[in-house]
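Enquirer: Here it is, the structure in full.
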Amino acid sequence: MGEVTIWSPLACIKNPQIELNVALIILNSSLAELGDKLKTLWKTARFHICADGGANRLKHVSSTEYRFTPEYIAGDLDSVYKDVLLFYEKQGSKIAKFSDQNSTDFEKCLKLISKHEKVTNKQFDVVYVLGSHGGRLDQSLAILNTLYKHTKLSETPLFLIAPDTLTFVLPPGRHKIYVNTGLEGSFCGLVPLGEPVGSISTTGLAYNLNKHKLQFGSQISSNNSFDGSDFVTVDTSDYVLWTMSTL
């Protein structure tokens, strides 16, 4: 039947002392609504990268009480303010400029993380990405496309954290997602991404799927919720997007 992949996506927020090698990417979207999630993940992470204009956002939420200084600012650098770039350079941040216009700044940050892993000969256990996927639809779709492409190429979990939502991609196979931290909200969904899902079954949801097919133009599983179990199981034949609300 194959092994079951265990997912605890909110573990690092619930227990910031957890012993994991975590990388953190800051996208170019508002951080003000993230509250303590930003501080918690910043403390937990061992490698911090701002995706271009994400540095502007980070400096905006910094204060004399809590100053965030990333190891890198990466991208084509067309969005970061010059004074912000100079400020962080003086703080010790390194600048990684990429001229490639065929990849997003998010993807450039993932390339930098991969390079860091090769240099240090140590893999990250998980990569968290802070940034809303609301606002411009084209940018939101680009973020989801990057999640999809990464999951097809890498086994390292990649979790997208928005102020009230957590999103990631499940590869084909059997999965157990823990939803018992107390940080989960009320809704969740399973959405085909990049390809139809030929067969998907679940437990732990208010409206479970039983060998359903998901695809745009037909059915997707949106506005679902939990049944009170500690975990949700998903058995999927194809890549599928899991999203859930958070507190």
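The values are calculated or read from the model by the stated rules, or taken from the named source; none is laboratory data. Owing to the predicted nature of the structure, the values given are computational and were not obtained by experimental measurement. Backbone-built Cβ (ideal geometry, glycine too); neighbour counts: all protein chains shown. Keep in mind that these areas ignore ligands, DNA and RNA; they rest on the heavy atoms of the full protein, side chains included. Shrake-Rupley method; radii C 1.70, N 1.55, O 1.52, S 1.80 Å.
Enquirer: Using the Cα atoms as the points, what is the convex hull volume per residue of the chain in Å³?
Expert: Numbers: hull volume 32.7 nm³, N = 247.
Hull volume over Cα atoms, normalised by residue count, gives 133 Å³.
Enquirer: How high is the relative contact order of the range 174-247? Use alpha-carbon pairs under 8 Å, at least six apart in sequence, and give a whole percent.
Expert: Values: 171 pairs, mean separation 36.1, N = 74.
Computed over the range 174-247, the figure is 49 percent.
Enquirer: With the chain treated as a Gaussian network of Cα nodes joined by springs under 10 Å, which of Gly182, Gly131, Gly75 yields the largest mean-square fluctuation?
Expert: Looking only at Gly182, Gly131, Gly75, the largest GNM fluctuation is found for Gly182.
Enquirer: How would His150, His116 line up by accessible area, probe 1.4 Å, largest first? Can you show the working numbers first?
Expert: Numbers: His150 30, His116 60 Å².
Order by accessible area, largest first: His116, His150.
Enquirer: I would also like to ask the following. Most mobile of Arg57, Arg174, Arg136 per a Gaussian network model of the chain (Cα springs, under 10 Å)?
Expert: Residue with maximal mean-square fluctuation among Arg57, Arg174, Arg136: Arg136.
Enquirer: Next up: Between Ile18 and Asn145, what FRET efficiency follows from the Cβ-Cβ distance if R0 is 30 Å, with the result rounded to 0.05? List each step's numbers first, then the result.
Expert: On the way: r = 29 Å, r/R0 = 0.98.
So, using R0 = 30 Å, E works out to roughly 0.55.
Enquirer: Another question about this same structure. May I ask you to list the chymotrypsin sites (Phe, Trp or Tyr not before Pro) in the range 4-99 that are in a DSSP loop and have at most 12 other Cβ atoms within 10 Å of their Cβ?
Expert: Details: sites: Trp7, Trp42, Phe47, Tyr66, Phe68, Tyr72, Tyr81, Phe87, Tyr88, Phe98; in loops: Tyr66, Phe68, Tyr81, Phe98.
Answer in residue order: Tyr66, Tyr81.
Enquirer: Given the Cα-Cα distance of Lys115 and Ile6 and 0.36 nm per residue of separation, how much length would full extension add, in nm? Walk me through the numbers before you get to the answer.
Expert: Details: separation 109, 0.36 × 109 = 39.24 nm, distance 2.65 nm.
Taking 0.36 nm per residue and subtracting the Cα distance, the gain is 36.6 nm.
Enquirer: Normalised by the empirical 2.2 N^0.38 Å for globular proteins, what value does the Cα Rg of the range 154-234 take? Working shown, then result.
Expert: Numbers: Rg = 12.6 Å, N = 81, 2.2 N^0.38 = 11.7 Å.
So the Cα radius of gyration is 1.08 times the expected 2.2 N^0.38 Å.
Enquirer: What nm value, rounded to one decimal, do you get for the distance between Thr40 and Leu247 when each label is placed 7 Å out toward the C-beta?
Expert: With each label placed 7 Å out from Cα toward Cβ, I get 1.0 nm.
Enquirer: Pop the C-beta distance of Ser237 and Ala206 into the FRET formula with R0 = 30 Å and round what comes out to the nearest 0.05.
Expert: Values: r = 23 Å, r/R0 = 0.75.
After rounding to 0.05, the efficiency reads 0.85.
Enquirer: Mind running the shape call on the range 93-184? Use the C-alpha gyration tensor, a ≥ b ≥ c as the square roots of the eigenvalues: rounded below 1.5 for a/c, prolate if a/b tops b/c, oblate otherwise.
Expert: Oblate, because a/c is 1.5 or more while a/b does not exceed b/c.
Enquirer: Springs between alpha-carbon pairs under 10 angstrom, Gaussian network model over the chain: which of Gln101, Gln219, Gln91 fluctuates most?
Expert: In the Gaussian network model the winner is Gln101.
Enquirer: If each residue of separation counts as 0.36 nm, what is the full-extension length gain between Ser199 and Gln123 once their alpha-carbon separation is subtracted? Mind showing how you got there, number by number?
Expert: On the way: separation 76, 0.36 × 76 = 27.36 nm, distance 3.22 nm.
Length gained between Ser199 and Gln123: 24.1 nm.
Enquirer: Each label point is 7 Å from the Cα along the Cα-to-Cβ direction; what then is the distance between the points at Glu89 and Ser229, in nm?
Expert: 5.4
Enquirer: While we're looking at this one, here's another question. Please give the residues of the range 171-210, grouped as numeric ranges, whose backbone N is less than 19 Å from a label point set 7 Å along the Cα-to-Cβ vector of Leu137.
Expert: Residues 191-195 qualify, since their backbone N sits under 19 Å from the label point.
Enquirer: Something else: Please go through the residue pairs Lys37/Lys59; Lys39/Lys149; Lys59/Lys97; Lys14/Lys39; Lys108/Lys149 and name each one whose alpha carbons sit more than 22 Å apart in this structure. Spell out each step's value before the answer.
Expert: Values: Lys37/Lys59 16 Å; Lys39/Lys149 28 Å; Lys59/Lys97 19 Å; Lys14/Lys39 12 Å; Lys108/Lys149 13 Å.
Beyond 22 Å: Lys39/Lys149.
Enquirer: Would you list which aspartates and glutamates come within 14 Å of Lys115, measuring only between C-alpha atoms, while excluding same-chain residues fewer than 8 positions from it?
Expert: Glu71, Glu107
Enquirer: Taking +1 at the Cβ of each Lys and Arg and -1 at the Cβ of each Asp and Glu, which of Ser237, Gln139, Gln101 sits farthest along the dipole of the chain towards its positive end, judged by Cα position relative to the Cα centre?
Expert: Farthest along the dipole direction, towards plus: Gln101.
Enquirer: Tell me which DSSP H helices of the chain clear both cut-offs, 15 Å or more of axial length from alpha-carbon atoms and a mean Kyte-Doolittle hydropathy of at least -1.0.
Expert: On the way: long enough: 105-120 (22 Å, -0.57); 137-153 (24 Å, 0.02).
Result, helices passing both filters: 105-120, 137-153.
Enquirer: Which FRET efficiency value, to the nearest 0.05, is calculated for Gln219 and Lys152 with the Förster distance at 25 angstrom and r the Cβ-Cβ distance? Present the calculation step by step, with values, prior to reporting the outcome.
Expert: Values: r = 23 Å, r/R0 = 0.92.
Using R0 = 25 Å, I get an efficiency of 0.60.
Enquirer: Here's another thing I want to ask about it. Taking the Cα centroid of the range 183-247 and of the range 82-156, what is the distance between the two, rounded to the nearest whole Å?
Expert: 27
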